[in-house]
Amino acid sequence: MEGRRLSNDTTAAGYLTSVGDEPTYDEALEREISRWIRGVTRLDKNLVYPRWTDPQTQIPKNGTTWCAFGITAIPEDANPAYIQSDESAEQWSHEAIDILCCFYGPQGMSVASRFRDGLFVSQNNAELNQAGMTFKQCGRLQSLPELINNQWVRRYDLSVQLRRKIIRTYGIKTFLSTQVQFFGD
């Protein structure tokens with residue numbers, strides 16, 4: 001069976017892929033989230049990092065207050081909108097970014113509650129808007145001590161949900177701009 005070929009626009013048969021700027025994901029998205037957490041908590045850049053990385057980041061020594069976060073889900077709208085121009089179409093959708101923030105150490109509860117309260121400050125959200133995201137909601141602060149290197153470490157978890165608009169451009173031409181060929185009689 002022959003595979004389908006890739007097409008950049010609707011002037012040829014084949015799959016369409018988005019063109020132009022792509023939304024931020026992966027490490028670039030994690031860097032934006034890390035900057036946001038650091039900005040709201042005042043934690044040093046070496047004390048806020050993604051949870052699940054390869055190689056795994058060395059955790060700070062016992063007695064240090066720090067934060068590890070992880071993107072746990074990215075649900076999206078079920079009904080994207082299509083905005084058609086002569087040469088292309090934009091697909092607009094909104095997605096949520098579910099983040100689990102885990103605050104560790106002797107001041108973990110204090111920093112976690114500072115972060116939670118800072119989420120509702122409009123200037124903090126305005127800074128997050130610069131990265132194309134907005135605060136949507138957060139859960140309750142939970143105390144979940146963790147055994148690390150045979151020592152119990154204070155840990156306070158907070159689930160946070162951000163929201164952002166995703167725009168992808170596809171080479172979908174209008175009938176006005178597409179050359180049409182008719183075959184047959």
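The values are calculated or read from the model by the stated rules, or taken from the named source; none is laboratory data. Note that the coordinates shown come from a computational prediction; the quantities given were computed from them, not determined experimentally. Every residue, glycine as well, gets a Cβ built from its backbone with ideal geometry; the counts of neighbours run over all protein chains shown.
What to note about this one:
- Within the range 122-162, the set of residues being free of Cβ contacts under 8 Å to residues at least 40 places away in the same chain, surrounded by 11 or more Cβ atoms within 10 Å (Cβ to Cβ), more than 20 Å from Ile59 (Cβ to Cβ) and not polar (S, T, N, Q) comprises Phe135, Cys138, Gly139, Leu141.
- Every residue from the range 52-104 that is touching an Asp or Glu at 6+ places or on another chain (Cβ under 9 Å), polar (S, T, N, Q) and either over 21 Å from Arg116 (Cβ atoms) or at pLDDT below 95 (or both): Thr53, Gln84, Ser88, Ser93
- Taking the range 3-30 as the range and being out of contact with any Pro (no Cβ under 6 Å at 6 or more places or on another chain), surrounded by 14 or more Cβ atoms within 10 Å (Cβ to Cβ) and among the charged types (D, E, K, R) as the test, only Asp9 passes.
- Residues in the range 133-155 that are within 26 Å of the chain's Cα centre (by Cα) and in a loop (DSSP other than H, G, I, E, B) were compared, and the one that is farthest from Leu119 (Cα to Cα) is Leu144.
- Filter result (among the β-branched types (Val, Ile, Thr) and modelled with pLDDT of 90 or more) within the range 1-42: Thr17, Val19, Thr24, Ile33, Ile37, Val40, Thr41
- Which listed residue, of Thr72, Thr64, Thr53, is assigned to a loop (DSSP other than H, G, I, E, B) and in contact with a strand residue (DSSP E or B) (Cβ under 9 Å, 6 or more places away or on another chain): Thr64
- Subset tally (residues that are of a type in the set (Asp, Glu), over 30 Å from Tyr170 (Cβ atoms) and assigned to a strand (DSSP E or B)) for the range 92-120: 0
- Residue check for Glu76: surrounded by 11 or more Cβ atoms within 10 Å (Cβ to Cβ) and under 18 Å from the mean Cα position of the chain (by Cα): yes
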